[in-house]
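The values are calculated or read from the model by the stated rules, or taken from the named source; none is laboratory data. All figures in this text were calculated on a predicted structure; none of them were measured in a lab. Virtual Cβ from ideal backbone geometry, glycine too; neighbours counted across all protein chains shown. Quick note on the areas: whole protein, heavy atoms, side chains included, nothing else; ligands and nucleic acids left out. Shrake-Rupley method; radii C 1.70, N 1.55, O 1.52, S 1.80 Å.
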Amino acid sequence: MRRFLRENSLSIVMFGLFFVFLLAQSLTGWRTTNQENQEHQQPTESYVGYLVSGSFAEATFENWESEFLQMAGFVLLTVFLRQKGSPESKNVEGEEPVDEDPNEARDRQGVPGPVRRGGLALAVYQNSLSLALIALFLMSFLFHALGGHAEYNQQQLEHGEAPASLISFVTSSQFWFQSFQNWQSEFVAVGTIVVLSIFLRQKGSPESKPVAAPHEETGSS
């Protein structure tokens, strides 16, 4: 068990923090929603009812959407683009191990199954990280739209207005404002670490160059 925890400590801590903050979000969101309901003389909502509400889905998935878009975009852009001096970039000149043709490693010991099989399996596998992130982005985008639509129509009914169709909501400025305000923050954060990591260091972190590395050195090695 100790070995398992040591070998997987980063993912365990990250997902542990995720669940702690998701729980905190749900509890504070539930309390805020019921405070607003009381102010508008509406019935209070149970915690379980809040968890399956459009309000909670909208607040959660509009953030997931931007995170997965940022990660998918970053993974794909680093295939083609470079940033001199950043450990987040491939070297400006030449090829790196990530550019190796996997077909040449088919008989190498310990390679993943799709590499050994080749063909369609390999074609999918060699792009599987970006495909998975794009799929998670599209899933989050869909649930953001569905949750936001449900919440919007709930507010419409509370104000005696007619509900809107899903298409009408998804093409509204309100929906895209929610998306764009998150998208821009994700890309400025990634751009910031790409540039700051040229000049700044964090000893012991693989996201940083070695402390003594020259500023112009590109890549983390």
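Here are the numbers:
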| quantity | calculated |
| --- | --- |
| Virtual spin-label span in nm between His159 and Glu39, 7 Å along Cα→Cβ | 1.4 |
| Theoretical gain in end-to-end length, Val111 to Val124 [0.36 nm per residue, Cα-Cα removed] | 3.1 nm |
| Cα-Cα pairs of the stretch 92-141 separated by more than 17 Å (percent) | 48 |
| Aspartates and glutamates with Cα under 19 Å of Lys90, excluding same-chain neighbours fewer than 8 positions away | Asp99, Glu100, Asp101, Glu207, Glu216, Glu217 |
| Distance between the stretch 105-170 and the stretch 1-75 - C-alpha centres, whole angstrom | 18 |
| Ranking by accessible area, most exposed first, for Phe18, Phe175 with a 1.4 Å probe | Phe18, Phe175 |
| Area projected by the alpha carbon convex hull of the stretch 1-120, averaged over all directions, nm² | 13.5 |
| FRET E, pair Arg2, Val75, Förster distance 30 Å, beta-carbon r, rounded to 0.05 | 0.40 |
| Residues of the chain: accessible area per residue with a 1.4 Å probe, Å² | 67 |
| For Asp99, net neighbour charge (Lys/Arg +1, Asp/Glu -1) across residues whose Cβ lies under 13 Å away | -4 |
| Rg ratio (alpha-carbon, reference 2.2 N^0.38 Å) - the chain | 1.32 |
| Rg/Rg_ref, the stretch 95-221, where Rg_ref = 2.2 N^0.38 Å and atoms are Cα | 1.64 |
| With every protein chain in place, the chain: carbon and sulfur % of accessible area (1.4 Å) | 63 |
| Estimated FRET transfer efficiency when R0 is 22 angstrom, pair Ser168-Leu142 (beta carbons, to 0.05) | 0.85 |
| Net charge dipole size for the chain [Lys, Arg +1 and Asp, Glu -1 on Cβ; Debye, nearest 20] | 900 |
| Under the Karplus curve 6.51 cos²θ - 1.76 cosθ + 1.60, θ = phi - 60°, whole-Hz ³J(HN,Hα) for the stretch 201-213, x wherever Gly or Pro sits | 10, 9, 4, x, 9, x, 7, 10, 6, x, 4, 8, 5 |
| The chain - mean residue ellipticity at 222 nm from DSSP helices (-39,500 (n - 2.57) per run, n ≥ 4, rounded to 500) | -21500 deg cm²/dmol |
| Cβ-Cβ FRET estimate between Phe177 and Thr28, R0 fixed at 25 Å, reported to 0.05 | 0.65 |
